Every structure is written in C-alpha cells, then in structure tokens.
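J.: Here you go, one structure.
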C-alpha cells in the first residue's frame, strides 16, 4: 500500500535546505531549491553575557578571545573555509567542555583556521551551553590556540552556533 506523503511546510523546507547545504552533493541543486545567502545580511555583534559561575577575583579572572567580525566577513566571502564542525546537542556541560577542548586542539594540530561549534539555542534562546561557551574558550589552554569567535550565520547554525577562529601553528625555526 503506497501512501503519498504530505506536503512540507515552509519551515520544514527551510530546515531541509539548511541541512542539505551542509552535505557535499554529487550534483548541484536546482536554483529554486538551493539555499540563498544574502550578501547584505548583517551578523549580530557578540555581546558580553553574564556568567552563571560565581564571580572571581580580578587576578584570576580570564578573558575570553575577542569577537572576530573581520573573520566572519572573510568566511561569508569564501576567503576562509570552514574546516570542521562540532555539534554539542545532547551533551552535559562537563562533556561539552571536554569535547570543545579536544575538538579545538585537534583542529589546531591539523592546521585548521576556522571551525563551527554548534551549542544549540536552548530553551528561550539562552541555553546553558551557549551561555558558557565563551567561558570555555577563555581557558588558558584554549586561549593560546583560539584567536577569536563570533556568532555563526544562519546557514551555519545561526543563534545556536559560533565560528571559532584558530591561530596558525608556530613554524619550527630553521625551516
């Protein structure tokens, strides 16, 4: 018995285009199905969000890497390629922090320049992973390899994702 499926809603079509844009296709999508990236779209600037952690003294307080809006522009223009992505959906805070650390260390060793970390937006747009992510990047081990971060474009996860820009590896002397 063959049933014809229901028609997709506009929201489902947009979601499908977003998923399809992340997959390397063997053929190009027809123009009417291809997701569109507006060159006039403005990305929101990163704002300082209050920390859920207890306050620390200024001597021990670490500073998170700055927003890298120039890097975002270069990603949008195709001058910087997204080298990898990490999706933190379903992780606890501790597991997510450890996964971010491992992912960024490996990306740095491989010479990647920009990656996407998907935290999700959480309930009401203020999920705990999204809120804590800047704190994790302020960790001294990660601060050495991360040059900055910024909110991702909607095609790369939007409000629930961040571009993370990675410093170049130091070249050994004499090479």
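The values are calculated or read from the model by the stated rules, or taken from the named source; none is laboratory data. This one's a predicted model, so the numbers in the text were calculated from it and none came from an experiment. Please note: Cβ atoms are built from the backbone with ideal geometry, for glycine as well, and neighbour counts cover all protein chains shown.
J.: Scan (1) at pLDDT below 90; (2) part of a helix (DSSP H, G or I); (3) under 27 Å from residue 16 (Cβ atoms) for the single condition residue 81 breaks and write down its number.
T.: Residue 81 satisfies all of (1) at pLDDT below 90; (2) part of a helix (DSSP H, G or I); (3) under 27 Å from residue 16 (Cβ atoms) except (2).
J.: To continue, here is another question. Do we have any residue at all in segment 64-72 that's at pLDDT below 55 and part of a loop (DSSP other than H, G, I, E, B)?
T.: yes
J.: Shifting gears a bit: Only one of 155, 88 is in contact (Cβ under 8 Å) with a residue 40 or more places away in the chain, surrounded by fewer than 19 Cβ atoms within 10 Å (Cβ to Cβ) and under 22 Å from residue 21 (Cα atoms); which? Before you say what the answer is, go through the steps one by one.
T.: Working: 88 fails: surrounded by fewer than 19 Cβ atoms within 10 Å (Cβ to Cβ).
The unique qualifying residue is 155.
J.: Can I ask one more? So residue 166 passes all but one of these: (1) on the phi < 0 side of the Ramachandran plot; (2) surrounded by 18 or more Cβ atoms within 10 Å (Cβ to Cβ); (3) without any contact (Cβ under 8 Å) to a residue 60 or more places away in the chain. Which condition number does it fail?
T.: Here residue 166 meets the rest and fails (3).
J.: Criterion first (at pLDDT 70 or above and closer than 19 Å to residue 142 by Cα) does residue 116 satisfy it?
T.: Details: at pLDDT 70 or above: yes; closer than 19 Å to residue 142 by Cα: yes.
Answer is yes for this residue.
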